[in-house]
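Contents: one structure, followed by commentary.
Every number in this text was worked out from the coordinates using simple rules, so none of it is lab data. Since the model is a prediction, treat every value here as computed from it, not as a measurement. Glycine gets a Cβ as well: all are built from the backbone with ideal geometry, and neighbour counts include every protein chain shown.
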Amino acid sequence: MRNDDLALWELSEIADAIAEKRITSVEATEACLARIGIWQPRVNAFLRLYKEKALAQARAMDAELAAGKRRGPLHGVPMAHKDMYYRKGEISTGGSAIRKDWRAPVTATVLEKLDAAGVVELGFLNMAEFAAGPTGHNVHHGHCRNPWDQSRVTGGSSSGSGASVGARMVFGALGSDTGGSIRLPAAACGVVGMKATYGRVSRAGAVARSWSLDHVGPLTRTVRDNARMLAVLAGHDPGDSTTSEKPVPAYEALLDGGVAGLKIGLALPADGPAPLDAQVGAAVQAAADALGRLGAKISTVTLPDFTALYRSAEVMVKCEAAAMHRPWMEKMPEAYANQVRTRMEAGFFIPATQYIDALRLRAHFVAEFLATSMAGVDAILLPAIPFPIPTIEETDTEEKGGPAVLKMVAGFTGLTRPFNTLGVPALSVPCGFDSNGAPIGLQLVGRPFDEAMLYRIGHAYQGATDFHQRVPV
Amino acid sequence: MDEKTKTAAGIAAGLQGLEYDGRRLAEIAAEVEVLNDAVRRAAEARLAFDDDPAAFASIMAKEARS
C-alpha cells in the first residue's frame, strides 16, 4: 500500500482491503470524511453530505462482511454522485433552484445497482444546472472549483464528480454525459471518466438533459477502478427501453491484455471547433508515443465532419430540453440561469422535420465513422479538451458573456459532443499537466460496446505513466 | 426586423404562444438558421425515404464488438 491515508488509496485497493478485512468500511468512510472536511471549503463539490448516514451504512457493511456476506466488488466503498440521480423520498436538485426542495418519487436504477453492490453513499454532488453547461459554473449552488487550482473550472456538467474524485474525497462518482459532461470534468480534474456506449448503462431515474444523447457513467482515479464500477452499472434495465441486452463483459479481468499489436489511430484536429493548443497536442502525442513503445501500432486518422455531428447533437438537445422544460420556462423563467434558459430556447423554433432528420442521420453518421475513421484501428486517440483549463472568471457566461467567452465555452465540447451523436464509447484519461499546473486529458474512442478495448489501452497507458497517481495539494 | 426574425416572431406568438423581444428573436433566428442548414445539408447528402430513426440502435447492435 502506498500511503497511510486511506483516502489516497485507489477504489480497487480499498475494496479489496475491505473484502480481506485488512481495513473496515468505517475506516475508509472516516478517511473520506476527513478529506472532505479539508477540501469541501476549497472546491464546493458537495451539495449534501450525509455524514452520519454514511457511517451507519459503513457499519452495516462491516457487519455484513463479518457475518460472511460480501455484496459485491464495491462492498463498503464510499462514493458520492452527481445530484441528478433520484433516491426515493430524498431531495434531488439537478443542480437547479427549481428543484431545490423536490423529493424524488423513485430510485435510479444505477443507485439500486450500487446499493446492491455494497457502496456507501456519502452524499450528492454539485453539477451544472440541469446538466447544462461544460464548465462547472452554478449560480444557484456556487461554482465548483478545480482541486488543482481553485481559480480554474472543473469542467462540467459533472463538476462535483470530477472535483471530488480528483481531490480524493471519494473513491468514485456517477456523472452523466450529453456532450462531454463526464469526460470534460475527468480531463480537467485529472481523473478517469467513461462515457460508455449509448444503451450500455440505464438512464432510468436520472434527470434527463436529452434522452437521445444522455449517457450515465463513472468517474474514478484509475482505469481499473472505472472498469470495476462500470461492470456494476452496466446492463439491460426494463426501466430504460434503450438499454442493450448484450452481456456485460468482465472488464477488469480483460485489463491486462496489453497493447502489443493493437492498432491505434491518432487524431490531433487542428481545425476543430476550437484551435488545438500546442501543449495539449504535445501531451496527447506523447501518450501515443508511450503506447507505441508498449507495442501498439500508431497511425494518423482523419476524423469525420464534426460540424454536422455537433450541430445535429445541438438540434437534438435543444428540442428535447425545450420540450421537457417548457412548463417551467413559461411559469418561472427567472428561476433559471440566463445561459441555461437561453441555450434551450431555440428548441421552440427548430422544425420537427429537422429534429427527426437529426435522429435519422445518426445511423448514417455511425456507419461512416466506422467505415472511415475507425477502419483498420482498434481505437482512436485524441484530446478531450483542446485547450488548457481556463479560469472560472474567463468562462463566466452569466457575469461576463460576450462572443469571446461564449466561443471558449462552446469550444469545451468540440471534441467530445460528436461522440454523443455517434453513441460510441469514449474514455478520458489523464495524460499530463499544462503550464498552469492543471491536468490534460486524452480521449480514447472505440467501436460500439467495446469499452473493454478502451479500458485495456487506458490501463496499459497508466501502467507506463504516473499522471493518475499525482494528487492535488 | 428581417424576414427570418419575422418568421421567428410568428412562430413564437402565433404557434408557440411565447413572448420574446425583437433582439432575442433575431438571435434565435440566426441560431436556428445555422442548425437547420447543417442538418439539412447533412440530410440531403444521406437520407432516403426508408431511413428510420430506430436504425441507430440497430447499427449499434450490429456493429458491436464485445
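Peptide B:46-54 shows a mean partner chain C-beta count of 5 within 10 Å per residue C-beta. Positive end of the dipole of chain B (Cβ unit charges, origin at the Cα centre): among B:ALA54, B:ASN36, B:GLY22, the Cα lying farthest that way belongs to B:ALA54.
Taking GluC sites (Glu not before Pro) that fall in a DSSP loop and have at most 16 other Cβ atoms within 10 Å as cut points, what is the longest piece of chain A between them? Kindly include the intermediate steps, with their values, before the conclusion.
On the way: sites that count: A:GLU20, A:GLU90, A:GLU245, A:GLU393, A:GLU394, A:GLU398, A:GLU399.
By the stated rule (loop sites, at most 16 other Cβ atoms within 10 Å), A:91-244.
Amide H contacts of A:SER181: A:SER157, each under 5 Å away and 5 or more positions distant or on a separate chain (H built 1.01 Å from N in the peptide plane; Pro and chain starts excluded). Please compute the average number of Cβ atoms from other chains found within 10 Å of each residue's Cβ in peptide B:24-32. Whole-number average of other-chain Cβ neighbours for B:24-32 is 4.
Using only atoms on other chains, find how many Cβ atoms lie within 10 Å of each Cβ of peptide A:338-351 and report the average. Show your work: numbers first, answer last.
Numbers: counts 0, 0, 0, 0, 4, 1, 0, 9, 11, 3, 10, 16, 7, 5.
If you average over the peptide's residues, the count of other-chain Cβ atoms is 5.
The phi torsions of segment A:301-316, fed into the Karplus equation with coefficients 6.51, -1.76 and 1.60 and a -60° offset, translate into couplings of 10, 9, 7, x, 5, 5, 4, 5, 5, 5, 6, 4, 5, 4, 4, 5 Hz, rounded to whole numbers, with Gly and Pro shown as x.
Using DSSP to call loops (not H, G, I, E or B), can you name the GluC sites (Glu not before Pro) in segment B:3-66 whose Cβ has at most 15 other Cβ atoms within 10 angstrom?
B:GLU19
Within segment A:1-152, what is the number of lysine pairs with alpha carbons under 25 Å apart, leaving out pairs fewer than eight places apart on the same chain? Going through segment A:1-152 pair by pair, I get 19. Computed from backbone phi, the HN-Hα couplings of segment A:440-455 come to 10, x, 9, 10, 10, 10, x, 7, x, 6, 9, 4, 4, 5, 5, 4 Hz, rounded to whole numbers (Karplus: 6.51 cos²θ - 1.76 cosθ + 1.60, θ = phi - 60°; Gly and Pro given as x). Listed by chain and number, the lysines whose C-alpha is less than 23 Å from the C-alpha of B:LYS62, apart from same-chain residues fewer than 8 away, are A:LYS195, A:LYS246, A:LYS263.
At a 10 Å Cβ-Cβ cut-off, how would you order A:HIS468, A:HIS81, A:HIS236, fewest neighbours first? Could you put the intermediate results ahead of the total?
On the way: A:HIS468 23, A:HIS81 31, A:HIS236 16.
Placing the least packed residue first, the sequence is A:HIS236, A:HIS468, A:HIS81.
When the Cα positions of A:ALA66, A:ALA45, A:ALA34 are compared along the charge dipole of segment A:28-70, A:ALA45 comes out farthest toward the positive end, with charges on each C-beta of Lys, Arg, Asp and Glu. Residues whose amide H lies under 5 Å from that of A:TRP102, counting only those 5 or more places away or on a different chain, are A:SER92; hydrogens are built 1.01 Å from N in the peptide plane.
Each residue of segment B:14-20 is assigned a 3J(HN,Hα), and the resulting list reads x, 10, 9, x, 10, 10, 9 Hz, derived from the Karplus form 6.51 cos²θ - 1.76 cosθ + 1.60 (θ = phi - 60°), x at Gly and Pro.
Assigning unit charges at the beta carbon (Lys, Arg +1; Asp, Glu -1) and nothing else, what dipole magnitude in debye, to the nearest 20, does segment A:277-385 show about its Cα centre? Can you show the working numbers first?
On the way: 10 positive and 11 negative charges, 31 e Å.
Dipole about the Cα centre, nearest 20: 160 debye.
Where both bridge residues fall in the protein assembly as shown, DSSP classifies roughly 70% of the beta bridges as antiparallel. Scanning residues 5 or more positions from A:VAL120 or on other chains, those with amide H under 5 Å from its amide H are A:GLY76, A:VAL77, A:MET79, with H placed 1.01 Å from N in the peptide plane.
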